Amino acid sequence: MEASIEKRALYVVATPLGNLEDITHRALRVLAGVDLVAAEDTRRSRRLLRHYGIQTPCLAFHEHNEARQALRLLRRIQEGAAVALVSDAGTPLISDPGLGLVRRVQEAGCRVIPIPGPSALTAALSAAGMPCERFAFEGFLPAKGAARRRRLEALRDEPRTLVFYEAPHRILDLLELLCEVLGEEREAALARELTKAFETIHRDRLGRLAAWVAADARQQKGEFVVVVAGERRTSEQQAGALKGVGGEAEAVLAILLERLTLKEAVSMAARLTGERRNQLYAQAVRLQRKAGGSGTPDAECDAEGKGMREA
Ligand code: SAM
């Protein structure tokens, strides 16, 4: 391990999520040795530095001044300074500012040095009891509206474990939306207030998890990570499900396709039958091919109808 602090470098330093003991020896040495700490929340970072008797000056670096401060920090680094970037909590750049700065520093030919440590993402995964050989970190979904649901719908068949961050005032909404889109039977874990006094990690089916949080206002407070099991059906089962859009749904589709465009027919059939749009879309393409039509996917949709808009 290097003993001294490298000049003309940006250190990206992970800091505690809540428990101040969760910081590495190396992080403390770097924070004490750099010329400047660029901090998302200077008050919070000063508290951490004070706790460890570190007096390095702090400068505010947050999403509202990121572009301007990045130029300023880059100049300092090019002039020979060592700068540490820290976020409010956890690892910078993980749903936090800093990407522009890291890229500028790299492009200027200076070193960017990671100082690894806590992140709510890895802390939650490590204790959620969910598979984590492969996972997809989704961070925050869009705050509201159709975009929020659309993002989740695009993840419905994702086989990897899904990880979401969420704010307390939207946690119930997120759990309810997860139930609607992924189904109440999917397994999930809620990791709340990790490393803090009211840390809670609770694993259950999505439906029961949402009901548990709804019934207890205390479980709606604090910071949250939601870990959701990936789609477990095998590709054969998924193909079977595609074929399963037979019977009534197929008959409805066939009638609608006589009068409507493929896209309109799929939208209408989804509303009438409750079947999934991408499955109906695949079936509609098959029906058109069978009937001697082009069966060419609509320009706005991919082969599985993933581009289908909400009706
Ligand atoms: N960079 C941070 C990291 O490495 O985890 C994440 C920053 S992001 C702006 C803040 C979100 O992280 C919170 O809204 C919450 O979803 C999650 N988070 C942060 N601290 C947490 C904690 N102690 N327990 C649970 N989730 C936490």
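The values are calculated or read from the model by the stated rules, or taken from the named source; none is laboratory data. Because the structure is a prediction, the values reported are computed rather than measured. Reconstructed Cβ throughout: ideal geometry from the backbone, glycine too, with neighbour counts over all protein chains shown. Only protein heavy atoms, including side chains, enter the accessible area calculation; ligands, DNA and RNA are left aside. Shrake-Rupley method; radii C 1.70, N 1.55, O 1.52, S 1.80 Å.
At a glance:
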quantity	calculated
List GLU264, GLU248, GLU153, ordered by accessible area with a 1.4 Å probe, largest first	GLU248, GLU264, GLU153
Accessible area (Å², 1.4 Å probe, nearest 10) - LEU74	20
Label point distance in nm, ALA136-ARG68, each placed 7 Å from Cα along Cα→Cβ	3.8
Most to least accessible of ARG160, ARG186, ARG289 (protein chains only, probe 1.4 Å)	ARG289, ARG160, ARG186
Additional length obtainable on full extension of the chain from LYS290 to ARG271, 0.36 nm per residue less Cα span	4.5 nm
Selected from ALA214, ALA251, ALA39 as most flexible by GNM, with the chain as the system and alpha-carbon contacts under 10 Å	ALA251
Pair-distance profile P(r), taking every C-alpha pair of the chain, with 20 angstrom steps and integer %	28, 43, 24, 5
The stretch 218-233 - phi-based ³J(HN,Hα) in whole Hz, Karplus 6.51/-1.76/1.60, Gly and Pro as x	5, 6, 9, 10, x, 10, 10, 10, 10, 10, 10, 4, x, 5, 8, 5
Antiparallel content of DSSP bridges confined to the chain, in %, to 5	45
Sum of side-chain charges, PHE198 neighbourhood, beta-carbon under 15 Å (Lys, Arg +1; Asp, Glu -1)	0
Accessible area in square angstrom per residue, the chain, 1.4 angstrom probe	52
Per-q log10 I(q)/I(0), the stretch 120-274, q = 0.09 Å⁻¹ (Debye; single scatterer per alpha-carbon; no solvent)	-0.36
Relative contact order of the stretch 9-118, pairs being alpha-carbon contacts under 8 Å that are 6 or more residues apart, as %	46
Alpha carbon centroid spacing (whole Å) that separates the stretch 253-271 from the stretch 1-77	58
Of all accessible heavy-atom area on the chain, the percent that carbon and sulfur account for (1.4 Å)	49
The chain: most fluctuating residue of LEU257, LEU49, LEU175 per GNM, C-alpha cutoff 10 Å	LEU257
Inter-label distance for GLU176 and ASP41, nm, one decimal - labels placed 7 Å from Cα along Cα-to-Cβ	2.8
Inverse mean reciprocal Cα-Cα distance (Kirkwood Rh) of the stretch 7-86, Å	12.7
